[in-house]
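Please treat every number below as a calculation from the coordinates, not as lab data. Note that the structure is predicted; figures quoted are calculated from it, not measured. Neighbour counts are summed over all protein chains in view; Cβ atoms, including those assigned to glycine, are modelled from backbone coordinates with ideal geometry.
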Amino acid sequence: MAKLAVLALLALLGSVACQTGGYGYGGGSPTPPITYPQPSYGGPPAAGGLRVGYYDYKCPGAEYVVRKVVGYKDAGVKAGLVRLFFHDCFVQGCDASVLLDPTPANAEPEKVGIPNLTLRGFEVIDEAKAALEARCPGVVSCADIVAFAGRDASYFHSGRAIDFDVPAGRYDGRVSHKNETIPNLPPPFADVDRLKQMFAAKGLDTVDMVALSGAHSIGRSQCSSFADRVPPPSGATTSGSDMDADLAASLRRQCTTPSDTVAQDAVTPDALDNQYYKNVMSRQVLFRSDAALTTAADTMGLVRASAYFPGWWNAKFAEAMVKMGAVAVKTAANGEIRKQCRFTNY
Ligand code: HEM
C-alpha cells in the first residue's frame, strides 16, 4: 500500500515540469578543463557469482572484521570509504584496481588519476586486509573489502538506518590505468544527460544515479571542485549561478585556497541522510552535477520523493549500492586474491 502511494507520488512528481534550464554564469558557460570522451570500460553488471554470505565458511567473521575496523575511524575517513567504492566500481569494475600503488612496472595506476587524488581510506582497507590475512590467508579479496567497507561506512554514517547485505566473491584485478579514470568517472560539472549516460554505461539507471548522489550528504570537497559555481569576490555576483546566495557567500569565506575543503552538506555534514535532496531543492549544493538533478523531470521527481520519504531513499540507496557492487566484477578466470591490496601478486 505504502509502495503504491510512493509510486503514485513519483508518477505525479515526474510529470511536474522542471523550471531550470541550463547554467548561465554571466560570462557564459565555464569551459571544462579537460575533454571527456565516452566511457570505455565497465559495462553492465555481471552476476559474477556474487553471493551474500560468501565468506561464512571460507573465512567466518570476515565481514565482522571489516565492520569493526571501519567503525573506529573518524567521520571523514568513513565518507572517503563510500566514495572509494564508487571510484573502484566505475573504473575496470569493482576489482580493487583503485588501490594499486605506482610501481616500476605500472607508474601510473588509477590512484594517480585526477579524480582519485583526493580519495581517502586506503589505510583502512590495508588494516582490514592485514587482519583478514592473519585470520585466513589468501581468501578475502581486496575488492570485497572495499565493498564491505563502503557498506559499513554507510551504516555508521546513517546512524545504522542504512543496513544491507553485500553479495561477495569478487576477485582482484591486475589492470589499473590512470587514463581510464577521467573517461569513466563523472566530472562535477556534468549535466544531467551526461550523468545518466555515464551511469547507464555501468548498467545503472536514473533511479540508481539519483539515489547514489545522496552520498553527497557526507564528506568534504576541495574548493577547486566547485570553483566554477562560486566566482571570486572581485566584483562577481552569483546572479549567473543557481547556487543559493548565502551558501555561495559562506563558501567564499571558507575557500581561501583551491585546496581548502568544505562540508558537502552544510546542514547535517556527518549524517548520510536525505538532507542532500532538500539541499538540491533549495540550491544549497556544491557541484553543477548536484544542481543538475533539478533540470530533468524524472530526476526532479526522484529528488522530491527522496526528500519527502527518507525511508524510501534509504532503501533505494542500499539497492543501488548493491547494484553498483556488481559492475564488471572479476572472477578466478581474470582476477586473483591479492596478498596486499596495494600490489598485484606478481
Ligand atoms: C553523480 C556523479 C558524481 C560526481 C560528479 C561526484 C563528484 C564528486 C566530487 C568532485 C567530490 C569532491 C572531491 C574533492 O574535491 O575532494 C566528491 C566527493 C564525494 N563523493 Fe561524489 N560524485 C558523484 C557521485 C558519487 C557517488 C555515486 C558516491 C557514492 C555512492 C559519491 C560519494 C562521495 C563522497 C562520500 C564524497 C566525499 C568524500 C570525502 O569526504 O573524502 N559520489 N564527489
- Could you calculate the contour length gain from SER224 to ALA333, that is, 0.36 nm times the residue separation minus the distance between their Cα atoms, to one decimal place in nm? 35.1 nm
- Query: Out of residues 5 or more away from LYS330 or on other chains, whose amide H comes under 5 Å of its own, with H placed 1.01 Å from N in the peptide plane?
  - Reply: TYR171
- Residue by residue through region 119-126, which ³J(HN,Hα) values in whole Hz follow from phi under the Karplus form 6.51 cos²θ - 1.76 cosθ + 1.60 (θ = phi - 60°), with glycine and proline marked x? 5, 9, x, 4, 6, 5, 5, 4
- Item | HN-Hα J in Hz across region 306-315 - Karplus 6.51, -1.76, 1.60, θ = phi - 60°, x for Gly and Pro | 5, 5, 8, 10, x, x, 5, 5, 3, 5
- Going by a ≥ b ≥ c, the root eigenvalues of the Cα gyration tensor, does region 112-195 fall in the rounded group (a/c under 1.5), the prolate group (a/b larger than b/c) or the oblate group? oblate
- Taking other Cβ within 10 Å of each residue's Cβ, how do ILE145, ILE114, ILE218 sort, fewest first? ILE114, ILE218, ILE145
- Task: Provide VAL285, VAL322 in ascending order of the number of other Cβ atoms located within 10 Å of each residue's Cβ, fewest first.
- Result: VAL322, VAL285
- Note on the structure: Expressed as a whole-number percentage, the relative contact order of region 99-168 with C-alpha contacts under 8 angstrom and at least six residues apart is 17 percent
- Note on the structure: Residues meeting the amide H criterion for ALA168 (H placed from the backbone, H to H distance under 5 Å, 5 or more places apart or on another chain) are ARG51, VAL52, GLY53, TYR54
- For region 187-197, what does the Karplus curve 6.51 cos²θ - 1.76 cosθ + 1.60, with θ = phi - 60°, yield as ³J(HN,Hα) per residue in whole Hz, taken in order and with x for Gly and Pro? x, x, 9, 5, 8, 5, 5, 5, 4, 4, 5
- Checking rank on 79-92, 204-217, with mean other Cβ inside 10 Å and highest first, the result is 79-92, 204-217
- Using the 10 angstrom Cβ neighbour count as an exposure proxy, how do THR103, THR257, THR299 rank, fewest first? THR257, THR103, THR299
- With DSSP loop assignment and no more than 15 other C-beta atoms within 10 Å, the trypsin sites (Lys or Arg not before Pro) in region 114-160 are ARG160
